[in-house]
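What follows is a single structure, written as structure tokens, with notes after it.
The values are calculated or read from the model by the stated rules, or taken from the named source; none is laboratory data. All values reported here derive from a predicted model rather than from experimental measurement. Don't worry about glycine lacking a Cβ; one is built from the backbone with ideal geometry, like all the others, and counts go over all protein chains shown. Just the protein is used for accessible areas: all its heavy atoms, side chains included, with ligands, DNA and RNA removed. Shrake-Rupley method; radii C 1.70, N 1.55, O 1.52, S 1.80 Å.
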Amino acid sequence: MTTRNSIAAWLAVATFALLPHLTMAQLKQFTLEDLNFGGTNYRAMSPANQSYAWWGDQLVKTDRKACESIATGNLATATLFTLDDVNAALGDNQQLFSLSYAKFPYPDSTLVVLEGTDSRFIYDWAKKKVTWRQTSGFEVSDWSSASRALAYVDSHQLHVVEADGRKHQISNDGSREIVYGQSVHRDEFGIYKGTFWSPDGQRLAFYRMDQSMVDDYPQVNTSTRIATEEPDKYPMAGETSHKVTVGVFDLATGKTVFLKAGDPTDRYFTNIQWSPDSREIYMQELNRDQTDISLTVYDAVSGERKGVIYQEHNDRYAEPLVPITFLPWDNQKFILQSQKDGYNHLYLMDTKGRQLKQLTRGNWVVLDLVGFCKKRKSVVILSTEASPIQNNLYEVNLNNGKRTLLDNGRGCHANVWQEDGRHTSVLSASGRFVFDNYSEPDVPRRIALLTLGAKGEKTLFEAENPWKGYDVPEYSCGTIKAADGVTDLYYRMVKPTNFDPNKKYPTVVYVYGGPHARNVEARWNYMSRGWETYMAQKGYLLFILDNRGSKDRGLAFEQATFRQLGQVEMADQMKGIDYLKTLPYVDADRIGVHGWSFGGYMTITMMTNHPDVFKVGVAGGPVIDWKWYEVMYGERYMDTPQANPEGYEKTSLINKAGDLKGRLLIIQGMNDKTVVPQHCLSFLDACIKAGTHPDFFVYPGEPHNMRGHKSVHLHEHITRYFEEHLKPIQQ
């Protein structure tokens, strides 16, 4: 009996001691199919979402099978129409598969705009019938809800088809070299398309880009029986650039005029905006040095230049990204966004170009002008005022400048983007209501209704944690000082699963570091990438730092890298390494680095300048020498190779090929039109001459980023390289 009791007691103690291990063993493990956007299970492992649209001031939930109205008061729901209703009205002509992208541009009528595979149509849910239909499905197109006219590009030519079916061919000389109605200037300056309908839908402004003088980059298609050339027009820094003009087509007259802007050589025409009366065009024009902005007004009927009403200069570079925005209650006043005081802020101007007042100010950035509330004479903005890693919604009174926080003051809000990158769709027609899709570091997703002038939020939807039951690492955020000893830099750390502070872990620094990006934000898990979780599960510590030169911290922060890309960024990243070396659980002999694009450039920069620090690196689509990068971006940050030869020489990695010590894998999309293969191939040639030995992997037919399921293969390949050369410590 005593023996049995002793055995039972021992078993109880042993079982209790094993409980943590048994519990951990029961937690599910992630795969890249779960965590990578190209994975087969990625959607199921992402926080659930819902889509909404505004029908005037009426909120509509646009589900796949039904559209439901939601009362802004008590959130009561009512079905407006179903997918079955719409398909019944369509008859045998076409079947629609989802209502998720329904649009409600007519607040005073029961009309919804829907689009199938090859047609756009308007459905009247009160009458349960399709009232209008138009052919769609063109790769490049732009539709006006005001006139229901469609602009589209077909076989290089720009066309317009009116609501009644009448067709107009706008161009006749379109070709690969003469491009109509598409984005120009390599998608810089906030440009994302090439056609712009007037508010009344009766006139169409459009870009015409002559790139016949630009050299071809010889891209090759290897999927054909014998490889064929597919050249791409690629204007490199310091070389000849394209010439852009702006035309205006008038539906009433059927005629086109071109804005009389003068010689377009070495000029950038950006941020096109129509006047509210559809008779004038406002355009921000920039010189090739990108130091001077001229806000110029043109007569849309005659094309005549009416004059420059505002100018701005910056000795380093000025970068207009957003068109002016007219006040909805005063056609003679508009809001200009500018960084002229060091941070992006709003300025109230009149059409004479006079600054009436600065509406926002402070050491923080206005991220977006979301819209206006006419009744309250206010503007809704998204800004970093609460924190450099947050995005929060505020109402700004245009009379006294008073700002009122609309959301809960935490996290990143208004996480719904239009094609132009803006957030205007979250605001109701009157501007009184906002549907706010947001997340916080420990909140995967919440959607709430906000009312201007009222406190608190009304929850519309809250997503469950899709990673519940999985072995999830610890995500944390902190700050260190930049290399200048003054500036705070934000970092994210992902610790290995089952972290033990008494162990030493191999560490991978993930880096981007370039302009127009933040890697650390107060979103779910501090915006951690799925691959970081995958690596943490395999026993790595991940460290991500936003250095000077990254976005949304003001001009001084961003322009610190001017004419010497990679140098200040590297100095800041090495401060991150210094911090890592103070942590007892970081193995300083097992530090790796990985990045893509600018991050690929930073990876090789850090490995060759600090060869004794980084044991392993993986550089994807890396810039190697800025003289091979495009005109607009390259010259903004580096000037031309002719004007800044010392800077180009200093930042080129060709001369650093002999300094490579650690194991380096370079990965390239073979048909990359952003960072062309000449970069990595030239570096490999330099390494051969210097006697160093990087590894190389290419994805045939892929562009700058791997598409679809190939992204899963890519990240497995990256993981294997670290597993082979930066192996976890064997305990």
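Order D572, D488, most accessible first, counting only protein heavy atoms with a 1.4 angstrom probe.
Largest accessible area first, the list is D488, D572.
To check my understanding: the extent here is largest minus smallest coordinate of the Cα atoms along each principal axis. What are those three numbers for the chain, in Å, largest first?
Principal axes ranked by extent give 99, 70, 62 Å for the Cα atoms.
Hey, with R₀ at 51 Å, roughly what FRET efficiency would K333 and Q95 work out to, going by the Cβ-Cβ distance, to 0.05?
Approximately 0.60, to the nearest 0.05.
Enumerate the aspartates and glutamates that K65 could reach by cross-link, defined here as Cα to Cα under 19 Å, with residues fewer than 8 away along the same chain left out.
In chain and number order, the partners are D84, D85, D92, E115, D124.
How many nm separate the modelled label positions at A690 and N287, each set 7 Å beyond the Cα in the direction of the Cβ?
Placing both labels 7 Å along Cα→Cβ, they lie 3.7 nm apart.
Looking only at Cα atoms, what is the convex hull volume of segment 508-609 per residue, in Å³?
Convex hull of Cα atoms, per residue: 108 Å³.
What ranking, highest mean first, results for peptides 287-294, 578-585 when packing means the other Cβ atoms within 10 Å averaged over each residue?
Those peptides, ordered most packed to least, come out 287-294, 578-585.
What lysines does K503 reach when the alpha-carbon gap must be under 20 Å and sequence neighbours fewer than 8 apart in one chain are set aside?
K495, K538, K581, K615, K727
Let me check something: with ligands and nucleic acids excluded, how do W55, W626 order by accessible area (1.4 Å probe), largest to smallest?
Order by accessible area, largest first: W55, W626.
Net charge near M706: determine it from the other residues with C-beta under 13 Å of the C-beta of M706, scoring Lys and Arg +1 and Asp and Glu -1.
Here the charged neighbours net out to -1.
In debye, nearest 20, what is the charge dipole magnitude of segment 59-202 about its Cα centre with +1 on Lys and Arg Cβ and -1 on Asp and Glu Cβ, if you could check?
Roughly 300 debye, rounded to the nearest 20.
What does the accessible area of I389 come to, in Å² to the nearest 10, when a probe of 1.4 Å is used?
I389 exposes around 20 Å² with every protein chain in place.
For segment 231-247, just list the computed ³J(HN,Hα) in residue order, Karplus coefficients 6.51, -1.76 and 1.60, θ = phi - 60°, integers in Hz, with x standing in for Gly and Pro.
x, 10, 6, 9, x, 8, 3, x, 9, 5, 9, 7, 10, 10, 10, 10, x
Taking 7 Å along the Cα-to-C-beta vector as the label spot, tell me the K455-Q678 distance in nanometres, rounded to one decimal.
6.2
Evaluate the charge dipole of the chain about its Cα centre and quote only its size in Debye, nearest 20, assuming +1 on the Cβ of each Lys and Arg and -1 on the Cβ of each Asp and Glu.
About 1680 debye.
Using a 1.4 Å probe on the protein heavy atoms only, what accessible surface does C477 show? Give it in Å² to the nearest 10.
40
In whole Hz, with x marking every Gly and Pro, tabulate ³J(HN,Hα) for segment 56-68 from phi via Karplus 6.51 cos²θ - 1.76 cosθ + 1.60, θ = phi - 60°.
Whole-Hz 3J(HN,Hα) from phi for segment 56-68: x, 9, 9, 7, 10, 7, 9, 7, 5, 9, 7, 10, 10.
Skipping prolines and chain starts, which residues have an amide H placed within reach, meaning under 5 Å, of the one on V443, given they are 5 or more residues away or on another chain?
HN-HN under 5 Å from V443: N525.
When the helix-only estimate is applied to the chain (DSSP H runs of n ≥ 4, each -39,500 (n - 2.57), divided by the residue count), what is the mean residue ellipticity at 222 nm, nearest 500 deg cm²/dmol?
Only helices count here, giving -5000 deg cm²/dmol.
Rolling a 1.4 Å sphere over the protein heavy atoms, what is the accessible area per residue of segment 273-349, to the nearest Å²?
38
So between R176 and H717, what do we pick up on full extension, going 0.36 nm a residue minus the alpha carbon distance?
191.1 nm
Which residues in segment 505-522 place their backbone N less than 17 Å from a point set 7 Å from the Cα of K661 along the Cα-to-Cβ direction?
none
Please list the helices of the chain that count as membrane-span-like by this rule: a mean Kyte-Doolittle hydropathy of at least 0.0 together with Cα atoms stretching 15 Å or more along the helix axis, each helix being a complete DSSP H run.
Counting only whole DSSP H runs, the qualifying helices are 2-26, 598-609, 678-690.
Sketch the reach of a paramagnetic label on K481 as a point 7 Å from Cα along Cα-to-Cβ, and name the residues of segment 523-561 whose backbone nitrogen lies under 17 Å away.
Under 17 Å, as judged by backbone N against the label point of K481, lie 548 of segment 523-561.
How large is the charge dipole for segment 167-252, taken about the Cα centre, if only the Cβ atoms of Lys, Arg (+1) and Asp, Glu (-1) carry charge, to the nearest 20 debye?
Using Cβ point charges on Lys, Arg, Asp and Glu, segment 167-252 gives about 300 debye.
Just to be sure I follow: if Rg is taken over the C-alpha atoms of segment 256-348 and Rh is the Kirkwood radius over the same atoms, what is Rg/Rh?
Using Cα coordinates only, the ratio equals 0.97.
Work out the count of Lys pairs in segment 175-327 where the Cα-Cα distance is under 20 Å, with the pair 8 or more places apart or on different chains.
Counting lysine pairs in segment 175-327 gives 5.
Using r as the Cβ-Cβ distance of Q355 and Q29, and R0 as 51 Å, what FRET efficiency do you calculate, to the nearest 0.05?
0.30
Tell me, how many Å apart are the Cα centres for segment 123-150 and for segment 524-562?
42
Can you give me the long-range amide H partners of T497? Hydrogens built in the peptide plane at 1.01 Å from N, cutoff under 5 Å, separation of 5 or more residues or another chain.
Sorted by chain and number, the residues that satisfy this are Q537, G539.
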